[in-house]
1. Take segment 28-90, drop everything but the C-alpha atoms, weight them equally and run the Debye formula without solvent; then report log10 I(q)/I(0) at 0.17 Å⁻¹ to two decimals.
2. Amide H of residue 82: which non-local residues (sequence gap of 5 or more, or other chain) have their own amide H closer than 5 Å, using H built in the peptide plane?
3. Skipping prolines and chain starts, which residues have an amide H placed within reach, meaning under 5 Å, of the one on residue 129, given they are 5 or more residues away or on another chain?
4. Taking Cα atoms, how many degrees apart are the long axis of helix 113-124 and the longest axis of the chain, rounded to 10 and kept between 0 and 90?
5. Please give the peptides 102-115, 160-173, 51-64 ranked by average Cβ packing (other Cβ atoms within 10 Å per residue), highest first, as a rough proxy for protection.
6. May I ask you to evaluate 6.51 cos²θ - 1.76 cosθ + 1.60, the Karplus curve with θ = phi - 60°, for each residue of segment 10-18 and list the ³J(HN,Hα) values in order in whole Hz, giving x for glycine and proline?
7. Which value, in debye to the nearest 20, gives the size of the charge dipole of the chain about its Cα centre, when Lys and Arg are +1 and Asp and Glu are -1 at the Cβ?
8. Amide H to amide H under 5 Å from residue 7: which residues, 5+ apart in sequence or cross-chain, H placed 1.01 Å off N in plane?
Amino acid sequence: MPEDAVISLLVVDDHPVVRDGLRGMFESAPGFTVLGEAANGVEAVALVAELDPDVVLMDLRMPDGDGVGAIAELTRRGARAKVLVLTTYDTDSDTIPAIEAGATGYLLKDAPREELFAAVRAAAEGRTVLSPAVASRLVSAVRAPANEPLSPREREVLALVARGTSNREIARELFISEATVKTHLTHLYAKLGVNDRAAAVATAYERGILGGRGD
């Protein structure tokens, strides 16, 4: 994206005061324009299709359609918009599902104004943006013990890897982004104590994770 390009935004939050504050902050700064607002995930998906913003500022916990569900649906639809989660929550139960669903970045609402502007610019360029607290949580998740069981989605990815399926094909089949496929691979490599696809498949067969059930 050219340096002088104006970045278009969609603000998604169930609190009108928060939406007003974000709209005012971005519209008062050069290089940004707010195309619209949504109060929940369902509205967000519809408005992304209608307005085609560069970046979506997405809250997570909202009635009538949460943020993670909306992110997953936008990923499934192949939306061009990059999603930057902006929330007050940094727990594992919020962070990891949002990243796995396809979010480009994750910031907390107490982030300084300039940090938020920089994060939106980075997200518009497709770069991952994580607050320090969130980054440390993800690192901890990746460094999970090697005997930790694989999640159902990690098993799905591993079964497809065992069939020789590429990351792109896995993403298409599971309706997730290629970046999310790589995240799942990183996690399952750590859990299996391996460094590549071939070793992951071999170890999975040795442990009985693959085989015997038609996968």
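Taken together, the values in this text are just the output of simple stated rules run on the coordinates, not laboratory data. Not measured: the values here are computed from a predicted model. We place every Cβ from the backbone using ideal geometry, glycine too, and count neighbours over all the protein chains shown.
1. Log10 of I(q)/I(0), two decimals: -0.54.
2. The list, which skips near neighbours in sequence, is 55, 56.
3. 105, 106
4. Here the helix axis deviates by roughly 60 degrees.
5. My ranking of the peptides, most packed first, is 51-64, 102-115, 160-173.
6. For segment 10-18, the Karplus-derived couplings read 10, 9, 10, 6, 7, 9, x, 5, 5 Hz, x marking Gly and Pro.
7. 880 debye
8. HN-HN under 5 Å from residue 7: 32, 33.
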